[in-house]
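Reading through the structure tokens given below for one structure.
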């Protein structure tokens with residue numbers, strides 16, 4: 001999908017290397033689908049943020065190092081707060097979306113990245129200090145520096161969340177079903193520290209990484225079997 005029929009420049013679309021624009025185009029398609037669903041022709045910062053999360057999340061959660069976001073909560077907020085402006089042949093960029101485009105450009109230049117990728121978007125959202133992104137990252141207490149340190153420590157995460165977000169997150173109940181044990185056994189392992197778990201920001205719900213579940217499994221010595 002192109003920018004035809006739009007007023008203003010879609011955030012990230014300035015990248016001169018068209019072959020490197022694939023992620024920008026993916027976010028753009030999510031934004032257009034979202035605007036149609038919401039019945040509006042005005043693209044806001046919050047809508048682009050949600051489109052980004054939808055594109056990079058797995059199983060309803062966005063996870064990248066110190067960040068875990070329940071995307072369904074963000075989607076509910078955007079659906080409730082987005083002003084409805086009758087859609088027509090043109091999409092109009094709100095002022096905060098134009099500022100996001102400028103922040104993306106600044107972030108790409110600051111980091112020396114040759115294209116607008118997942119990590120560039122994430123850091124730009126974190127540096128915006130306005131709208132829903134500012135609210136979310138303020139509540140999480142995570143800074144752009146925290147994210148950059150994590151990205152440097154994880155070579156596989158160098159381009160951002162979508163490059164390693166395929167790892168599934170399980171609730172204690174789902175983990176118990178996978179392992180074939182009672183859910184209280186899973187909770188006991190978490191309390192004892194045997195099984196690592198994370199808590200969703202601002203909630204009591206626990207999530208367990210698939211790799212941590214696998215770490216509970218030990219090879220069996222055939223000679224010990226009856």
Expressed in angstrom, Rg and Dmax over the Cα atoms of segment 169-214 are 9.7, 30
Reduced to Cα centres, the span from segment 106-148 to segment 18-84 in Å works out to 15
Most exposed first, judged by fewest Cβ atoms within 10 angstrom, 77, 116 run 77, 116
For segment 169-214 the mean separation of alpha carbon contacts under 8 Å (6+ apart) over residue count, i.e. relative contact order in percent, is 42
Note: residue 217 to residue 181 extended length (0.36 nm per residue) minus current alpha-carbon separation gives 11.7 nm
A chain fully extended from residue 58 to residue 140 at 0.36 nm per residue, minus the present Cα-Cα distance, gains in nm 27.6 nm
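Each value in this text was obtained by applying a stated rule to the coordinates, not by laboratory testing. Predicted, not measured: the structure shown is a model, and the values here were computed from it. Methodologically, a virtual Cβ is constructed for each residue, glycine included, from the backbone with ideal geometry; neighbour enumeration extends over all protein chains shown.
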